[in-house]
Amino acid sequence: ASAKENPQVAEVLAVGPGATKAGALVPMSVKVGDKVITSKYSGTEIKLDGTEYIIVSESDILAIVD
């Protein structure tokens, strides 16, 4: 039997400049304020000033919710 993990819905609080591919900058497809769905165990959890955040790669984002 395989276990199903529920995805997480999160709000984007910050984004980086994007990735460099073949010497060209590829901008991020998400922006601050977007609601996104990520898999349950993706990203790195950190705690900063008492608030928990999850840092995820753009490739770990499953969908942008309208």
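Here is how the numbers come out for the structure above:
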| read-out | value |
| --- | --- |
| Qualifying GluC sites (Glu not before Pro) for the chain [loop in DSSP, other Cβ within 10 Å: at most 13] | GLU5 |
| The chain, relative contact order in percent, only Cα pairs under 8 angstrom and at least six apart counted | 31 |
| Within-10-Å neighbourhood charge of ILE54 [Cβ basis; K, R +1; D, E -1] | -3 |
| Cut-off 14 Å between beta-carbons: net charge of the residues surrounding ALA19, Lys and Arg +1, Asp and Glu -1 | -1 |
| Placed amide H near LEU62: partners under 5 Å, 5+ positions off or other chain | ILE37, THR38, SER39 |
| Residue with peak Gaussian network fluctuation, the chain [Cα springs, cutoff 10 Å], from LEU48, LEU25, LEU13 | LEU48 |
| Check: the chain dipole with +1 on Lys, Arg Cβ and -1 on Asp, Glu Cβ, in debye | 180 |
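Values in this text are rule-based calculations from the coordinates and carry no lab data. Computed from a predicted model, the values in this text were never measured in an experiment. No Cβ is skipped: glycine too gets one built from the backbone with ideal geometry, and neighbour counts run over all protein chains shown.
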